[in-house]
Amino acid sequence: DGGITQSPKYLFRKEGQNVTLSCEQNLNHDAMYWYRQDPGQGLRLIYYSQIVNDFQKGDIAEGYSVSREKKESFPLTVTSAQKNPTAFYLCASSMASSSYEQYFGPGTRLTVT
Amino acid sequence: QKEVEQDPGPLSVPEGAIVSLNCTYSNSAFQYFMWYRQYSRKGPELLMYTYSSGNKEDGRFTAQVDKSSKYISLFIRDSQPSDSATYLCAMRRKAAGNKLTFGGGTRVLVKP
């Protein structure tokens with residue numbers, strides 16, 4: 001059963017703590033992406049990776065960090081430097097950076113208080 | 001000003017009606033256009049993809065692109081309660097890899 005998994009579905013943290021969101025795919029996709037979704041703002045790209053051990057900043061990378069040590073995994077760390085971390089985070093993957101179709105995971109709702 | 005504008009709705013229609021959604025964009029470099037459907041608290045799923053001006057049909061769905069007006073539309077015929085979701089338009093430039101720019105999404109409610 002192929003797809004993208006994100007865990008956990010809901011995550012609660014205290015302000016000032018770093019938190020890591022998990023994203024795993026078994027689609028054998030080369031490219032992976034992290035988006036943030038806020039009400040009324042659609043999806044905004046945080047980071048993306050086209051191959052293992054390489055990643056690029058998206059439009060709103062400040063306060064976030066990623067790693068891509070394995071093809072199937074692309075974890076996102078929300079650091080304490082992110083001023084408004086409460087949001088819905090979506091991970092996606094695609095066959096290649098030129099592929100138009102991105103497959104999305106179910107998302108993680110992060111709440112920081 | 002956002003690169004891609006989309007009315008947030010909500011758009012409420014009776015079952016069986018045609019749902020009409022649209023997005024406008026400001027950057028003529030956008031060449032590829034997509035519509036995603038997102039159910040509440042789920043990840044988006046691709047509905048339609050097109051890269052040329054004109055219409056593209058897939059079952060009850062029709063995507064329309066007018067590059068001269070920088071305007072895209074999605075029509076859903078014979079709408080069903082299961083079509084109730086948020087619909088997101090997305091676009092990408094030819095030389096931008098797979099970096100997508102999304103509209104804010106329109107929430108649609110189809111009432112039985």
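The values are calculated or read from the model by the stated rules, or taken from the named source; none is laboratory data. The shown structure was predicted, so the numbers you read here are calculated from the model rather than taken from an experiment. Note that we place each Cβ from the backbone using ideal geometry, even for glycine, and neighbour counts take in every protein chain shown.
Odds and ends about this structure:
- Screening B:ASP58 on (1) free of Cβ contacts under 8 Å to residues at least 24 places away in the same chain; (2) in contact with a Lys or Arg (Cβ under 9 Å, 6 or more places away or on another chain); (3) closer than 29 Å to A:ALA31 by Cα shows it passes everything except condition (2).
- Region A:9-48, subset among the small types (Gly, Ala, Ser) and in a loop (DSSP other than H, G, I, E, B), residue farthest from A:TYR64 (Cα to Cα): A:GLY40
- B:SER79 being modelled with pLDDT of 95 or more, of a type outside the set (Asp, Glu) and part of a loop (DSSP other than H, G, I, E, B): yes
- Condition met for B:SER52 (modelled with pLDDT of 95 or more and assigned to a loop (DSSP other than H, G, I, E, B)): no
- Looking only at residues of region B:64-82 that are over 19 Å from B:SER26 (Cβ atoms) and of a type outside the set (A, V, I, L, M), we find that the one that is farthest from the other protein chains (Cβ to nearest Cβ) is B:ASP78.
- Residue match in region B:83-91 (condition: over 18 Å from B:SER20 (Cα atoms), assigned to a strand (DSSP E or B) and within 14 Å of chain A (Cβ to nearest Cβ)): yes
- Scanning region B:94-112 for residues that are more than 7 Å from chain A (Cβ to nearest Cβ), out of contact with any strand residue (DSSP E or B) (no Cβ under 6 Å at 6 or more places or on another chain) and farther than 16 Å from B:ALA17 by Cα gives B:ALA95, B:ALA96.
- Members of region A:47-78 that are in contact (Cβ under 8 Å) with a residue 40 or more places away in the chain and more than 9 Å from chain B (Cβ to nearest Cβ): A:LYS71, A:GLU72, A:SER73, A:PHE74, A:PRO75, A:LEU76, A:THR77, A:VAL78
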